[in-house]
Amino acid sequence: MSIDIAAALLMGLAGSGHCLAMCGGLAAAMGYQQSPLRLFWYNLGRITSYAIAGAIVAAALGTIGSVSINGFVYLRIAAGVMMILLALYLIQWNAALLWLEKLGAVLWRRIQPLTRKLPQQKTTGYVFLGGMLWGWLPCGLVYSALTWAALSGNPASGAGFMLLFGIGTFPAMFLTGIFSQKITRILQSKGFRWIAGILLMGYGIATLLIAAKQLQF
């Protein structure tokens, strides 16, 4: 199946405020926001991990389409439901995806100790590696995007979807670190979260309606 470019970018852009709250704070704490070059490599590492996760998930779940006549329809339904849950998550109903983040924490407990082993004086390579490691931080936004990566049908497309998703989050993460905290306040404001949530809710509902029409009995 082809990549849903609109869904990838919409999820990334809509979740920018959430990304700033989680990954932006980490970047600031590690001093990356003091250097545009380091901030760039940190975010590139983060997006690379998203692409790897997208390839893994698409490889693991993409075969469903060949197993069942409704396989991809079921994946589309799951993707639509996850987008609706993400919409609720962004308007701060955290319980919508908290259960999923708890599952992701199992993997994170194995990865997090590696972040402490990175040297204090970080070269470009270590900054990139640090971004890759923090890219596996449990995040409902990322997990929602991964359901759409699975829908893409193959590892290359799954990686491409998550790459586009990461690009959607990049402008806020990069430009806010360089220019102004005013952008941060806007993206994390209640108004922005509600607008983003409504857009995602509408896209998710439309996805479910399309899936319902595609079901074969």
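The values are calculated or read from the model by the stated rules, or taken from the named source; none is laboratory data. The model shown is predicted, which means the values in this text are computed figures rather than measured ones. No Cβ is skipped: glycine too gets one built from the backbone with ideal geometry, and neighbour counts run over all protein chains shown.
In region 75-131, what residues are within 24 Å of Trp41 (Cβ to Cβ) and of a type in the set (A, V, I, L, M, F, W, C)? Once the filter is applied, which keeps residues that are within 24 Å of Trp41 (Cβ to Cβ) and of a type in the set (A, V, I, L, M, F, W, C), region 75-131 yields Leu107, Trp108, Ile111, Leu114, Leu118, Val127, Phe128, Leu129.
Condition first: farther than 26 Å from Tyr32 by Cβ, under 15 Å from the mean Cα position of the chain (by Cα) and aliphatic (A, V, I, L, M). Can you find one or more residues in region 99-122 that meet it? Quick ask: steps written out before the conclusion?
The first filter runs over region 99-122 and keeps only residues farther than 26 Å from Tyr32 by Cβ, leaving 99-100, 102-103, 106.
Checking the rest, the ones that are also under 15 Å from the mean Cα position of the chain (by Cα) come to 100.
After this cut, where a residue has to be aliphatic (A, V, I, L, M) as well, the list is 100.
Yes, because at least one residue in region 99-122 is farther than 26 Å from Tyr32 by Cβ, under 15 Å from the mean Cα position of the chain (by Cα) and aliphatic (A, V, I, L, M).
Quick one: would you say Trp148 is under 13 Å from the mean Cα position of the chain (by Cα) and outside any helix (DSSP H, G or I)? Give the steps one after another, and end with the answer.
Values: under 13 Å from the mean Cα position of the chain (by Cα): yes; outside any helix (DSSP H, G or I): no.
When the stated conditions are applied, Trp148 does not pass them.
For region 187-194, state whether one or more residues are without any contact (Cβ under 8 Å) to a residue 60 or more places away in the chain and not in a helix (DSSP H, G or I). Among the residues of region 187-194, not one is without any contact (Cβ under 8 Å) to a residue 60 or more places away in the chain and not in a helix (DSSP H, G or I), which makes the answer no.
Quick check on my filter: what residues within region 101-152 are under 30 Å from Arg76 (Cα atoms) and among the aromatic types (Phe, Trp, Tyr)? Across region 101-152, the qualifying residues are Trp108, Trp134, Trp136, Tyr143, Trp148.
For region 102-137, a residue qualifies if it is in a loop (DSSP other than H, G, I, E, B) and buried (at least 21 other Cβ atoms within 10 Å of the Cβ), and the qualifying residues are Gly135, Trp136. Could you look through region 39-78, keep only residues that are more than 13 Å from the chain's Cα centre (by Cα) and within 20 Å of Ser16 (Cα to Cα), and pick out the one that is modelled with the lowest pLDDT? Ranking the qualifying residues of region 39-78, first place goes to Leu39.
Within the bounds of region 131-153, is there any residue that is in contact with a helix residue (DSSP H, G or I) (Cβ under 9 Å, 6 or more places away or on another chain), touching a residue at least 40 places away in the same chain (Cβ under 8 Å) and on the phi > 0 side of the Ramachandran plot? Checking region 131-153: at least one residue is in contact with a helix residue (DSSP H, G or I) (Cβ under 9 Å, 6 or more places away or on another chain), touching a residue at least 40 places away in the same chain (Cβ under 8 Å) and on the phi > 0 side of the Ramachandran plot. Taken residue by residue, region 178-192 has no member that is out of contact with any helix residue (DSSP H, G or I) (no Cβ under 6 Å at 6 or more places or on another chain), over 23 Å from Trp134 (Cβ atoms) and at pLDDT 90 or above.
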